[in-house]
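S.K.: Have a look at this one.
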Amino acid sequence: MYLHRRGYDAFDCPFLNDRELLGCDSCGLLEDVDITGRLITYKSGEAVFDSGMRFEKGEGNTHVCPVCGAPAREG
Ligand SMILES: [Zn+2]
């Protein structure tokens, strides 16, 4: 059983080799990957359409929401 095989990436996406998809609990901005493997962001509850915004790298391994500035959560 290798359920937690090191280095395995469920999305097999070059953009996401180093981290999980991000989301913001504060305003609902979510990251996703479209069928071409491109990273997009959209607002939870709205149409899945790339908003063009990207989570910004904060200190250390953290990311910050580009909409409201709240710390993003992974996964
Ligand atoms: Zn936000």
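The values are calculated or read from the model by the stated rules, or taken from the named source; none is laboratory data. Only a predicted model underlies this, so the values are computations on that prediction, with no experimental measurement involved. Cβ atoms come from the backbone with ideal geometry, glycine included; neighbour counts cover every protein chain shown.
S.K.: Out of the residues in the stretch 22-36 meeting the condition of being hydrophobic (A, V, I, L, M, F, W, C) and modelled with pLDDT under 95, tell me which one is nearest to the chain's Cα centre (by Cα).
M.R.: Ranking the qualifying residues of the stretch 22-36, first place goes to V33.
S.K.: Residues in the stretch 49-75 that are more than 13 Å from L21 (Cβ to Cβ) and either in contact with a helix residue (DSSP H, G or I) (Cβ under 6 Å, 6 or more places away or on another chain) or more than 10 Å from the ligand (Cβ to nearest atom) (or both): how many?
M.R.: 11
S.K.: Is the stretch 33-40 home to any residue that is of a type in the set (S, T, Y) and within 15 Å of the ligand (Cβ to nearest atom)?
M.R.: No, that holds for no residue.
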